[in-house]
Structure formats: structure tokens, C-alpha cells
Amino acid sequence: MRGWTAGDIPELRGRRAIVTGANSGLGYHTALQLARHGASVVLACRSAERGQAAFDRIRTAAPEADLVLASLDLADLASVRAFAARYGDAPLDLLVNNAGVMAIPHRTTADGFEMQFGTNHLGHFALTGLLLPALRSAPSPRVVTVTSGFAWSGRLNFDDLQSERRYRKWSAYAQSKLANLVFARELDRRVSEVTSVAAHPGYAATNLQQTGPRMQGSTLMEKAVGIGNAVVAQSAAGGALPSLYAATAPDVHGGACYGPRILQYRGAPTEVVTPPQANRPGQAERLWDVSETLTGVAYAAAAP
């Protein structure tokens, strides 16, 4: 049976979308397909140069696309607030929380958070909360938060969320991706006007995997990861399909997670099972409270 493809995306004309990290990889292909199917897309990118290159590529591939290039650094809450103030004044049908960093050497954000938890989770938590009025003013809004298969090995260490006692890059990454999943579900539970879902790409070839080795100066590891991407991984376009399905398919339901159907590794998107630690009693509420405290962003009228 033929699996779901980008060709199954419905007509999106008249709908407005924001995609974080739209300059490359999954974010680029998500923004490209949304634009090709008629959505007005804001490309939210940290790098102006890479963002402009992505903008030009999408414009070439879809000359009629309605695109806006915007500056957003999720590792800086001042940037998040400035972005939301500028692009949160009109109804927002779709927010794709895609941008992220993976297994990098220890760094901190502009606000002093561990970089992976701060960027992947806290930045998107703040952005979504600040854009909530725009989402609520759209007729059927969705929020898609991109998690990872690494969430299966993650745990939320509330005694050391910022990895101040001990930093292990893969553990910190797994924690941030579990936080993405827990957040997506809790958002759906708390904000009834918004359909919130998670998605993950399986093993997709993007530049994300090579960034950590490059930052560490490990040329050998960078080359090895590049070979793995070329030989084993599915394409970035294929990895974006779960996000696109979660964003546009009519049978999507809130709180679910969508990923590749072949062992959650590759293939057409489908609803997938999630790690049991994502459902620990009281965990979502605690993460929500901590996130509001750390970011200073409170979700107005969110039911406890």
C-alpha cells in the first residue's frame, strides 16, 4: 500500500505558518512543501545568510510562494520575544517547532541555560506561549513540536536540568527531546483551542549530526557521520514527512506522535508509540511549571 507523501498535502491557501530552523534540513523541506501547497510561510532562522539562501531556493522551486524571512534565535529569549512581537499580530494556523541542536560540546544560551535544553525545549516553550494569542485567533490551529527517537533514552532530571553537576552531550540531547514530547502532549491537554502533536524524523540525513563533531574539532567523527548519513539515513525530505503529516493530515489527533512507520527509523509517516517515561505521573505539570519560571512566559488561561 502506498504510504503518505508530500503529494497528499491538502490545499493550504489562506493559511499562515511559522517554521523554526527553516534554513536547512527538516525545517527547509517542511517550509518548502507548506509553501508549495499554498501556505504563507515565515522562515524563522538564526542565521540571516543561511536563511536568505533557503528563501531563495524555495522561491526558485515555488515561484508563487508567499514567504517571509525572519530572524529568530531560540537560544536568546530576547530574540524570541522580539520575533513574537513582530509576527504574532495576525492569526497563526500552524507553528512548527523544528529548530534544534544535537549532542554539542557544553555551551550555555544567552540566558544561562544549558544550550540543548535551552534551545530545543525552553526556546520553543517560550515561543509557543508568546504566539498563543495568534494561534487562538485562527480557526483550527496546530502546533507541531519535533522530537527524536533519542527521547526513548531520555529522562527529565529535575535536580539538574541545566547539567551543571555533570554534562553528557547525548544525555542532555535525549532529555531535551523527551521534554519536547512531554510539552507537546501537555500543551494539547491544557489549551483546548489548539491541536498540539509531536513528530520525529527517524534517521534522516541533515547537518545536525555533524555539527557536534565539527564543534569539537573531530574531523574523523564528522566524516564518519557524513558517511552514515549518505549510506544509511533517509533523505531530509523523507525525514520531514512526519512533521508535514502532523501539520496537515486531516486524521491527526492531539497529543499523538507521528514518525516513520518502519521501526520508527524510515518510511512513510504514521502514528507511533512513545517511550513510557513520557507518561510519568506529575512529570508534565512539573516541567510546565519549571519552564514558565525559567522563561518568564506564562500561558494565559491555560487550565491547570
Worksheet entry | Per residue solvent-accessible surface (Å²) - the stretch 41-135, probe of 1.4 Å | 38 Å²
Discussion item. Taking 8 Å as the Cα distance limit and 6 or more residues as the minimum spacing, I'd like the relative contact order of the stretch 39-134 as a percentage.
Written reply: 27 percent
Fill in: the chain, helix-only ellipticity at 222 nm - DSSP H runs n ≥ 4, -39,500 (n - 2.57), divided by all residues, nearest 500
-11500 deg cm²/dmol
Worksheet entry | Distance between the stretch 133-155 and the stretch 50-81 - C-alpha centres, whole angstrom | 19 Å
Worksheet item: Ratio of the stretch 79-131's C-alpha Rg to 2.2 N^0.38 Å, to two decimals?
Response: 1.23
Worksheet item: Comparing Gly267, Gly112, Gly254, which has the greatest mean-square fluctuation in the GNM of the chain with Cα pairs linked when under 10 Å apart?
Response: Gly112
Response to the item:
Carbon and sulfur atoms account, in whole percent of the 1.4 Å probe accessible area of the chain, for 53 percent
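The values are calculated or read from the model by the stated rules, or taken from the named source; none is laboratory data. Note that the coordinates shown come from a computational prediction; the quantities given were computed from them, not determined experimentally. The area values use the complete protein model at the heavy-atom level, side chains included, leaving out ligands, DNA and RNA. Shrake-Rupley method; radii C 1.70, N 1.55, O 1.52, S 1.80 Å.
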